[in-house]
Amino acid sequence: MPTHKRIRPFNTKETYPEQKLNNDLSQGVVARGTMVFLRGQVAQDLDTRESLHVGDAGAQTAKAMANIKMLLEEAGSEMSHICRIVVYLTDIRYREAVYQEMGKWLAGVFPCSTGLVVPALARPEWVVEIEITAVIPDPA
């Protein structure tokens, strides 16, 4: 039985047939446990603070998702316990590359998702930032 109740799960290939996306999302998630809030993650090495993959939205997304996975594991959670994501893009044209990469990391998870286009992020070389809310489930 799934740990969290996913309300009205769907895949973006049906919702946005004109776009080449394949993301498992939900309209809502009901979760029990200790909440984990992650700061917006970008293509940055968390140890050196170096910005990575300048000019490549897909590669920046891969690094942000790798940071998310690492931080969730450090918190005692995991990718399958993600409940909500918020994606910030600096250009709508990056959406397909970003969501294709995110879909690889979130297949079968079905989080709630909101995507926004913003004029800029904290550093000009960053084109995508991903914010996560997850949980550490209560013991069974």
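Could you work out the Kirkwood radius for the chain, taking every pair of different alpha carbons, averaging 1/r and inverting it, reported in Å?
By the Kirkwood definition, the hydrodynamic radius is 15.3 Å.
Using Stokes-Einstein with the Kirkwood hydrodynamic radius over Cα pairs, what translational diffusion coefficient do you get for the range 39-83 at 20 °C and a viscosity of 1.002 mPa s, in µm²/s rounded to a whole number?
Using the Kirkwood radius from Cα pairs, D works out to 196 µm²/s.
Restricting to the range 5-135, compute how many DSSP beta bridges are antiparallel as a %, nearest 5.
Antiparallel: roughly 75 percent of the beta bridges in the range 5-135.
What per residue convex hull volume, in Å³, comes out for the range 62-140 when only alpha-carbon positions are used?
In the range 62-140, the Cα convex hull volume per residue is 93 Å³.
For the residue pair VAL54 and ARG123, what label-to-label distance in nm results when each label sits 7 Å from Cα along the Cα-to-beta-carbon direction?
1.0
Just need the relative contact order of the range 5-135 here, percent rounded to a whole number, with Cα pairs under 8 Å and 6+ apart.
Contact order relative to length: 35 percent.
Summing -39500 (n - 2.57) over the DSSP H runs of n ≥ 4 in the chain and dividing by its residue number, what mean residue ellipticity at 222 nm do you reach, to the nearest 500 deg cm²/dmol? Numbers along the way, then the final one.
Details: 3 runs with 35 residues, N = 140.
Theoretical 222 nm ellipticity from helices: -7500 deg cm²/dmol.
Any chance you could run the full-extension gain for LYS104 through ASP47? It's 0.36 nm times the residue separation minus the Cα-Cα distance, nm to one decimal.
Going from the current span to full extension adds 18.1 nm.
Where only protein heavy atoms count, and the probe is 1.4 Å, what is the accessible area per residue for the range 5-135 in Å²?
With all protein chains present, the range 5-135 gives 53 Å² per residue.
Between ASN22 and ILE92, what FRET efficiency follows from the Cβ-Cβ distance if R0 is 22 Å, with the result rounded to 0.05?
0.70
Of the lysine pairs in the chain, how many meet both conditions: Cα atoms under 19 Å apart, and a spacing of 8 or more in sequence or different chains?
Close lysine pairs under the 19 Å cut-off: 4.
The values are calculated or read from the model by the stated rules, or taken from the named source; none is laboratory data. No experiment lies behind these values; they were computed from the predicted model shown. Don't worry about glycine lacking a Cβ; one is built from the backbone with ideal geometry, like all the others, and counts go over all protein chains shown. For accessibility, only protein heavy atoms count, side chains too; no ligands or nucleic acids. Shrake-Rupley method; radii C 1.70, N 1.55, O 1.52, S 1.80 Å.
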